[in-house]
Structure formats: structure tokens, C-alpha cells
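The values are calculated or read from the model by the stated rules, or taken from the named source; none is laboratory data. The model shown is predicted, which means the values in this text are computed figures rather than measured ones. Neighbour counts run over all protein chains shown; Cβ positions are idealised from the backbone, glycine included.
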Amino acid sequence: MKPSNAPPFTSPLLAGDQEAIGDGVNADNIRQCLALLRDHGYTGVLSMECEGQAGPMIEKSLAWLRQTLGELKIPVEEQM
């Protein structure tokens, strides 16, 4: 669900080369970006982009993202 005045938008989360989201130097920056989105009422879609080891890298990135969203009290709507 998006605020009524907000256009459709996907906010990408990017990791550096060959590391999972949250593993590198940008973890605090990503956390701050998520908090900014929350504080400004963003309720749209987030996407992850990471290169390298497909399965393990994506699983680790997703686990970090879910944990961080929980810590920031950002609700997660599971899509199937």
C-alpha cells in the first residue's frame, strides 16, 4: 500500500561487489535509508540486487534485510 499521493516506485537496495547486503561498509547507510523511507511514510516495494554467489548471497542478504526491517519496526508484507 502506498500513500495516496505517491507514484508507484521501487526502492532498490544494493550491495558492493561480491558481498551480501549488510555485510559491507554500507550497512549503516542502508539502515539509514530504510529509516528515512519509513519516516516519510513509504510503504511501497523494496528490491534487492546483489552479484556473486546467487543462492547463499541472496539468502544472507534477505535475512539481514528482514532482521533490519524488524529492528526498525517496519512492517513486512509477504508476497507469494
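Per-structure values
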quantity	calculated
Cβ-Cβ under 7 Å pairs, at least 6 apart or on other chains, the range 31-50 side in contact (Cβ under 8 Å) with a residue 24 or more places away in the chain, far side of a type in the set (V, I, T) and in a helix (DSSP H, G or I)	R31/T68; L34/T68; C50/I58
Cβ pairs under 8 Å, 6+ apart, first in the range 61-80 and touching a residue at least 24 places away in the same chain (Cβ under 8 Å), second assigned to a loop (DSSP other than H, G, I, E, B) and of a type in the set (A, V, I, L, M)	S61/A15; S61/A20; S61/I21; W64/A20; W64/I21; L65/I21; L69/V76
Residue satisfying all of: in the range 2-31; among the acidic types (D, E) and buried (at least 16 other Cβ atoms within 10 Å of the Cβ); modelled with the highest pLDDT among these	D23
Exclusive hit being modelled with pLDDT of 90 or more and crowded, with 16+ Cβ neighbours inside 10 Å, set L34, L72	L34
Residue count, the range 23-37 (criterion: in contact with a helix residue (DSSP H, G or I) (Cβ under 9 Å, 6 or more places away or on another chain) and charged (D, E, K, R))	2
